[in-house]
Amino acid sequence: MNAPLYNTQILRLAAEIPFHERLADPAASVEKRSPVCGSRVTVDVDVDGEGRVAAVGMLVRACALGQASASLMGAHVVGRSADEIAVARDQLIAWLAGERDAPPDWPGMEIFAPALVHRGRHAAIRLAFEAAAEAAAGAQR
């Protein structure tokens, strides 16, 4: 894997995080932090009557990889159920750990392939998905 870790796609996503403001009164809010690099992502969610994410807000204080991951998560999370988000999170964790050959079934995740060999970067990539899955599950209670 000779591809650069920080490529144009990663940097573009990092600069274009959707839903980059917190929700005023979310149904659930979760903050996740990487002890390795200090990256931090807070995800707020509201859900509809069917338990699907209806609104999302984020505060992202992370490296470019963490920002890019938050961007991809935010771009495709509205309309998803807590279970769907949890599956994507679990697939991401397994892929980064080398327990799964294919990237998660979430649009755009293949851009993190160059990071597979950089274990110290994995926590930052997981943060947004971990926070979103936990927040969506918490909003249904």
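Throughout, read-outs are computed from the coordinates displayed, never taken from laboratory work. In this text the structure is predicted, and so the values were computed from the model without any measurement. Methodologically, a virtual Cβ is constructed for each residue, glycine included, from the backbone with ideal geometry; neighbour enumeration extends over all protein chains shown.
Points to keep in mind about this one:
- Relative exposure of Ile111, Ile85, judged by other C-beta atoms within 10 Å (fewest first): Ile111, Ile85
- Relative contact order (percent, whole number), region 11-139, Cα cutoff 8 Å, 6+ residue spacing: 33
- Listed residues Ala14, Ala94, Ala70, most fluctuating in the chain (Gaussian network, C-alpha, under 10 Å): Ala94
- Potential extension, Cys37-Leu11 segment - 0.36 nm per residue separation minus Cα distance: 7.6 nm
- With a cut-off of 14 Å between beta carbons, the residues surrounding Phe19 carry a summed charge of -2, where Lys and Arg count +1 and Asp and Glu -1.
- Calculated FRET efficiency for the pair Leu116/Arg141, C-beta based, R₀ 30 Å, to 0.05: 0.30
- Inter-centroid distance (Cα atoms) of region 70-116 relative to region 1-42, Å: 13
- Among Asp46, Asp25, Asp105, residue whose mean-square fluctuation peaks in a GNM of the chain (springs only between Cα atoms under 10 Å): Asp25
- Applying a DSSP loop filter and a limit of 13 other Cβ atoms within 10 Å to the GluC sites (Glu not before Pro) in region 10-80 leaves Glu16, Glu21, Glu50.
- Counting every other Cβ atom within 10 Å of each residue's Cβ, His122, His20, His76 order from fewest to most as His20, His76, His122.
- Recomputing Rg/Rh (Cα atoms, Kirkwood Rh) from the coordinates shown identifies the correct label among (1) 0.95; (2) 1.06; (3) 1.01 as (1).
- Database remark: amide H of Ala28 closer than 5 angstrom to the amide H of Val45 (H placed geometrically; neighbours at sequence offset of 5 or more, or on other chains; Pro and chain starts carry no H).
- Each residue of region 50-59 is assigned a 3J(HN,Hα), and the resulting list reads 9, x, 9, 4, 9, 8, 9, x, 9, 10 Hz, derived from the Karplus form 6.51 cos²θ - 1.76 cosθ + 1.60 (θ = phi - 60°), x at Gly and Pro.
- Mean ellipticity per residue at 222 nm, deg cm²/dmol - from DSSP H runs of n ≥ 4 across the chain, formula -39500 (n - 2.57): -13500 deg cm²/dmol
- Taking 0.36 nm per residue of separation and subtracting the current Cα-Cα distance, fully stretching the chain between Asp101 and Val87 would add 3.5 nm.
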